[in-house]
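Below is one structure, written out as structure tokens; the observations come after it.
The values are calculated or read from the model by the stated rules, or taken from the named source; none is laboratory data. These numbers come from a predicted model, not from an experiment. As a convention, Cβ positions derive from the backbone with ideal geometry for all residues, glycine included, and neighbour counts pool all protein chains shown. Accessible surface areas use protein heavy atoms only, side chains included; no ligands, DNA or RNA. Shrake-Rupley method; radii C 1.70, N 1.55, O 1.52, S 1.80 Å.
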Amino acid sequence: MPTFTALTTLEGRKPAYALGEAMERLIPEPTGVGVFEVEDGSGLWEVGGYFEQAPDQTALAILAATMGAKNFVVSELPETDWVAHVRRELSPVEAGRFFVYGSHDADKVPEGCEPLLIEAAMAFGTGHHGTTLGCLRALDRLANDGMVGQSVADIGCGTAVLAMAAARIWPNPVLASDIDEVAVDVARANAAANGLGDRLICVEAAGFDHPDLAAKAPFDLIFANILKGPLVALAPDMAAALAPNGKAILSGILNEQADDVIEVYAQSGINLLNREVIGDWTTLTVEKQPQ
């Protein structure tokens, strides 16, 4: 089946994201839309979509003109084995004691590390993205400082790489939840592939809305690698779910959004311990203050 791309550029993050949202409403619908900053200091952003049918070029031209973007460039991609391509492109990632790798790099796992196998077909959450890498580094710092998580949850777990990292180094089962049913299935498969099937409890849930999460609360560590909007909305529930002096590792936050997230969490009695910037993304480690 052929795949088509439609790419354009324009100035400014907000207009770029608005254009990306508008593209999602096109007919035929794109199978995916991406919005990325062009990292050359120009201030330009690239917006692109993938289509299984040739996109409507008239509709694209109207969108570009309305949003102040350049004309879309539409291309048909050649047939490609994308899993093989990703395997070539994704080298292993080291984050403190953690080593995230695909099975094609099993011979590169160093002695003494905590290995985390994530297959190349599941590229989001492999550790290559600054948000996931930041969370793994934050977990490594907490462990180095002597923390031993007794009750840990990963909210919006995706591939469950963060939940698996906690399960690797600490004794008790870890709860991993995601709002997406497919992500929960992926999390279970990854846990089994890493020999952690009995250490991860994977559930489908929006935020903390699940009986298993309620039963295991309060938590002494919660991961939430999602986005600013959901993180802000989650702050009161996070405060209720954390034990006194409990920690949370928050990411999916653009650098310019970090202060807003810090302020919202402080209003819920959860204060900043550490922040790390990796590229465009900030990871926050925060702590709930005892009453």
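Given the chain, what percent of its DSSP beta bridges are antiparallel, to the nearest 5? Intermediate values should be presented prior to the final figure.
Numbers: 36 of 59 bridges.
Of all bridge pairs located within the chain, approximately 60 percent are antiparallel.
Region 1-57 and region 232-289 have their alpha-carbon centroids 30 Å apart. For the pair Asp56 and Val203, label points projected 7 Å from Cα toward Cβ lie 4.3 nm apart. For a test of the definition: using alpha carbon positions, the gyration tensor, and the 1.5 limit on a/c, classify region 132-291 as rounded, prolate or oblate. Note, shape of region 132-291 comes out rounded. I need the shape label for the chain. Rule: rounded when a/c is under 1.5, else prolate if a/b > b/c, else oblate, with a, b, c from the alpha carbon gyration tensor. Note, shape of the chain comes out prolate.
Cβ under 10 Å from Ala205's Cβ, Ala205 left aside: what net charge do those residues give with Lys, Arg +1 and Asp, Glu -1? Please list the in-between numbers first.
On the way: positive: none; negative: Asp178, Glu204, Asp209, Asp212.
That sum, taken over residues with Cβ under 10 Å, equals -4.
In region 8-74, what trypsin sites (Lys or Arg not before Pro) fall in a loop by DSSP, with at most 16 other Cβ atoms inside 10 Å?
Of the trypsin sites (Lys or Arg not before Pro), the ones in loops of region 8-74 whose Cβ has at most 16 other Cβ atoms within 10 Å are Arg25, Lys70.
Sequence-distant contacts, meaning Cα pairs under 8 Å at least 6 residues apart, place the relative contact order of the chain at 12 percent.
A Förster radius of 25 Å combined with the Cβ-Cβ distance from Glu21 to Ala65 puts the calculated FRET efficiency at roughly 0.90.
With the other protein chains left in place, how much accessible area per residue, in square angstrom, belongs to the chain at a 1.4 angstrom probe?
Details: 14080 Å² over 291 residues.
Per-residue accessible area for the chain comes out at 48 Å².
Computed from Cα positions, the angle between helix 228-241 and the longest principal axis of the chain comes to roughly 20 degrees. Only lysine pairs 8 or more places apart, or on different chains, with alpha-carbon atoms under 26 angstrom apart are counted in the chain, and they number 8. Restriction of the trypsin sites (Lys or Arg not before Pro) in region 216-270 to DSSP coil positions whose beta-carbon has at most 13 other beta-carbons within 10 angstrom yields no sites.
Report the longest stretch of the chain that contains none of the GluC sites (Glu not before Pro) sitting in a DSSP loop with at most 16 other Cβ atoms within 10 Å.
So the longest stretch without any such site is 112-291.
Couplings for region 210-215, taken from phi via the Karplus curve 6.51 cos²θ - 1.76 cosθ + 1.60 with θ = phi - 60°, read 7, x, 5, 5, 5, 5 Hz in order; Gly and Pro are left as x.
Expressed as a whole percent, the accessible area of the chain that falls on carbon and sulfur atoms is 52 (1.4 Å probe).
For an R0 of 25 angstrom, estimate the FRET efficiency from the Cβ-Cβ distance between Asn144 and Gln289 and round to the nearest 0.05. Please list the in-between numbers first.
On the way: r = 23 Å, r/R0 = 0.90.
Efficiency, from the Cβ-Cβ distance: 0.65.
Just to confirm a number: summing +1 for Lys and Arg and -1 for Asp and Glu over residues other than Val277 whose beta-carbon lies under 14 angstrom from that of Val277, what do you get? Mind dumping the intermediate values first?
Numbers: positive: Arg137, Arg275; negative: Glu256, Asp259, Glu276, Asp280.
So the environment of Val277 carries a net charge of -2.
Against the criterion of solvent-accessible heavy-atom surface with a 1.4 angstrom probe, Tyr101, Tyr50, Tyr17, Tyr265 sort, most first, into Tyr50, Tyr17, Tyr101, Tyr265.
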